[in-house]
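Here the structure comes first, spelled out in structure tokens, and everything after it is commentary.
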Amino acid sequence: MLSVHRVHLPSDIPIVGCELTPYVILRIPGRPENPITTEDVPETAPVDGYYLRYRWYRIQSDRKVAVCSVHPSEQATLQCLGCVKAKIPVVKSYHCSPRCFSDAWQHHRLLHDRAASAVNENGTEEEELFGRFNSSGSGVLNTSLSGSTSSLGQNVSFNNGSAPLYPATISERSGGETWFEVGRSKTYTPTIEDIGHVLKFECVVVDAETKLPAGQVNTILTSRVIPPPTPTPRRLIPVSVDLMGQHLDSDTRTANFGTFTVLSYNILAEVYASSELYGYCPSWALSWTYRRQNLLREIVGYKADIICLQEVQSNHFEEFFAPELDKNGYQALYKKKTTEVYNGTAYAIDGCATFFRRDKFSHVKKYEVEFNKAAVSLTDALVPIPQKKTALSRLLKDNVALIAVLEAKFSNQGADTPGKRQLLCVANTHVNVHQELKDVKLWQVHTLLKGLEKIAVSADIPMLVCGDFNSMPASAPHALLAMGKVDQMHPDLATDPLGILRPSSKLTHQLPLVSAYSSFARMGVGLGLEPQRRKMDPTTNEPLFTNCTRDFIGTVDYIFYTADSLTVESLLELLDEDSLRKDTALPSPEWSSDHIALLAEFRCKPRTRR
């Protein structure tokens, strides 16, 4: 007879909006070659007259419970009065102990500061809400906490089987606890109503004829359900500068046309997100079931017209990101790397994914760049046969780039050639990560740029070059991108065992590329950008970091644009290191990648031939 061998949950803490999928290991008699399986046996397809029945329950105590905003696995005992008065989301106001609140105060007060700023902008007295808060004091309310979560915001609808979320009958009540049935499928997605409560999963073998249990009921209890962390939203900061560093007036804005936004984000593929590398991140926050939902919330929330993602696993693209972003109006393009990576149980492969809004753009053409193919061609042309194996071993690193030519659907009002097609070329790449392979990084970037030059020659087309270049602002790849050439004395050129960078005078390109985030540094004083300027490196005009882990912090991600055809209107504000270090580094419960997202709003300039 069919029997349940083992049941367990992969994540120790359930989070609102993140699907719970128990591992149910079955023993099926009559299968000598493979009696143990994780296959589902639904009522519609019984095995030898038996199937599995699932039930999910919410265990609701008479005593309501709130959870700590800093340590979500702990019950809250304190609530910040300032958060309540400032109408900051209530889930951020709870703390598990006075020590927890005191340790978190430096970062917690930033919530008050931002709320106070918003209050002042709306013309309300700041003193009324924030006069009592200063560097030496805080308002804390000891309270009998309710589990209220009304300010979580969105109403999310989850499909948790055929059971109503609030059934007419109570399944069981004992010892002050009530068990509400909340789901009848194998998986369950916790809802806002579950916050602070323990969930129970039941699995039992059922006789298909009698519909009665035919074996022992297998049960798992979860920890208390916690709300999803809610980082303070990042704002879009207007910059509107031309290359002379001058603020664009309304007449200039009118003369230009067609604004659109572009997001670039390395989302940290599951295959690389190991507890060995990111042990400081709680296991539940490092799990892919949590991170994928948190990443999706963040990405969709930016409402970008074009999205360039790196480190997107092929199975995640097909099964999650492509269908989910399709629901939000995006068309998808994908280019995977050329070699798979073994992740312990199966082979996975990541790549670059580009999405664009169907109502803003249509797809014209797609180019795929495989640096491995270019490496083979290079070695055939330049490397003597006896050294080819060594050369290919150094050059074949499986990195790729995805180039999309799009046609804008927004009108060309104000253009000097009304009615002419407005095309846009978007390159999305992930350059090799190994720091000792400086020659390979530079060669990959140069190869990509020469390909883009060929497209530029064939069409009068604005260009964007986005991605994770794994190259710091002082590096040769960055110099090539930003300056169009590499100084012959650059120290990176000393690493060239294959001679692929010689002569260095060939390391040039003619695209007028500018880093979008350098606009923060080019802005004049008095424009309210000082907080962002403090997050910039004045020596390189780039952000202080886009990648922040326990062992590394620096800038490796960029959005470059052709300055003769595009101008930057706004930039997504940068994060400060202090706010991230409260969780040690990235990824964290709030931010689910070790990189930060970059986003820029562009406006097309009037058309002029290069």
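The values are calculated or read from the model by the stated rules, or taken from the named source; none is laboratory data. Bear in mind the structure is a predicted one, so any value in this text is a computation, not a measurement. Reconstructed Cβ throughout: ideal geometry from the backbone, glycine too, with neighbour counts over all protein chains shown. Calculation scope for accessible area: heavy atoms of the full protein, side chains included, ligands and nucleic acids excluded. Shrake-Rupley method; radii C 1.70, N 1.55, O 1.52, S 1.80 Å.
Couple of notes before you dig in:
- Unmet criterion (only one of (1) open to solvent by less than 10 Å² (accessible area, probe 1.4 Å); (2) among the β-branched types (Val, Ile, Thr); (3) under 17 Å from the mean Cα position of the chain (by Cα)) for Thr549: (1)
- Whichever residue in region 8-24 is among the β-branched types (Val, Ile, Thr) and open to solvent by less than 30 Å² (accessible area, probe 1.4 Å) and, among such residues, is modelled with the lowest pLDDT: Ile13
- Output for region 296-319, where each listed residue is surrounded by fewer than 24 Cβ atoms within 10 Å (Cβ to Cβ), closer than 19 Å to Ser588 by Cβ and not aromatic (Phe, Trp, Tyr): Leu296, Arg297, Glu298, Ile299, Gly301
- Sole residue being at pLDDT 50 or above, of a type in the set (A, V, I, L, M, F, W, C), exposed (fewer than 11 other Cβ atoms within 10 Å of the Cβ) and closer than 18 Å to Tyr54 by Cα, chosen from Leu212, Leu199, Leu221: Leu212
- Taking each residue of region 581-602 that is under 18 Å from Leu571 (Cβ atoms) and looking for partners that are of a type in the set (Phe, Trp, Tyr) and open to solvent by 10 Å² or more (accessible area, probe 1.4 Å) with beta-carbon atoms closer than 7 Å, six or more apart or interchain, yields Ala597/Tyr302; Leu599/Tyr302.
- Any hit, region 35-48, residues being modelled with pLDDT under 90, assigned to a loop (DSSP other than H, G, I, E, B), open to solvent by less than 70 Å² (accessible area, probe 1.4 Å) and in contact with a strand residue (DSSP E or B) (Cβ under 6 Å, 6 or more places away or on another chain): yes
- Pair list, Cβ under 8 Å, 6 or more apart: region 321-337 residue in contact (Cβ under 8 Å) with a residue 12 or more places away in the chain, other residue assigned to a loop (DSSP other than H, G, I, E, B): Gly329/Arg358; Gly329/Asp359; Tyr330/Arg358; Gln331/Arg358; Lys336/Ile349; Lys337/Ile349; Lys337/Asp398; Lys337/Asn399
- Arg534 being over 18 Å from the mean Cα position of the chain (by Cα) and more than 30 Å from Tyr280 (Cβ to Cβ): no
- Condition met for Lys441 (within 27 Å of the chain's Cα centre (by Cα), in a helix (DSSP H, G or I), modelled with pLDDT of 95 or more and of a type in the set (D, E, K, R)): yes
- For region 560-610, taking the residues that are within 25 Å of the chain's Cα centre (by Cα) and among the β-branched types (Val, Ile, Thr), the one that is nearest to Leu511 (Cα to Cα) is identified as Val568.
- Taking residues in region 302-318 that are more than 30 Å from Ser570 (Cβ to Cβ), and partners anywhere that are open to solvent by 20 Å² or more (accessible area, probe 1.4 Å) and in a strand (DSSP E or B), the pairs with Cβ atoms closer than 7 Å and at least 6 places apart or on different chains are Ser314/Lys336.
- Scanning region 73-87 for residues that are more than 19 Å from Arg109 (Cα to Cα) and crowded, with 20+ Cβ neighbours inside 10 Å yields no hits at all.
- You will find that of Arg31, Arg53, the residue that is among the basic types (Lys, Arg) and under 37 Å from the mean Cα position of the chain (by Cα) is Arg53 and no other.
- Test: residue in region 370-388 that is out of contact with any Gly (no Cβ under 8 Å at 6 or more places or on another chain), part of a strand (DSSP E or B) and either open to solvent by less than 30 Å² (accessible area, probe 1.4 Å) or at pLDDT 95 or above (or both): yes
- Only residues that are out of contact with any Leu (no Cβ under 7 Å at 6 or more places or on another chain) and either part of a strand (DSSP E or B) or open to solvent by less than 10 Å² (accessible area, probe 1.4 Å) (or both) were counted in region 465-483, giving 5.
- Inside region 287-343, residues that are among the hydroxyl-bearing types (Ser, Thr, Tyr), modelled with pLDDT under 95 and not in a helix (DSSP H, G or I) make up a count of 4.
- Single unsatisfied condition, Glu542 versus (1) open to solvent by 10 Å² or more (accessible area, probe 1.4 Å); (2) under 30 Å from Glu270 (Cβ atoms); (3) not small (Gly, Ala, Ser): (1)
- First in region 80-93 and over 20 Å from Ile192 (Cα atoms), second anywhere and open to solvent by 50 Å² or more (accessible area, probe 1.4 Å) and assigned to a helix (DSSP H, G or I), Cβ under 9 Å, 6 or more apart: Gly82/Arg109; Lys85/Glu128
- Which numbered condition Val457 fails, given (1) surrounded by 13 or more Cβ atoms within 10 Å (Cβ to Cβ); (2) more than 33 Å from the chain's Cα centre (by Cα): (1)
- Every pair of residues 6+ apart whose Cβ atoms lie under 9 Å, when the first sits in region 346-367 and is closer than 15 Å to Met463 by Cα while the second is part of a loop (DSSP other than H, G, I, E, B) and open to solvent by 70 Å² or more (accessible area, probe 1.4 Å): Phe361/Lys409; Val364/Arg421
- When Glu577, Glu569 are checked against the criterion of being over 19 Å from Tyr290 (Cα atoms), open to solvent by 10 Å² or more (accessible area, probe 1.4 Å) and among the acidic types (Asp, Glu), Glu577 stands alone in meeting it.
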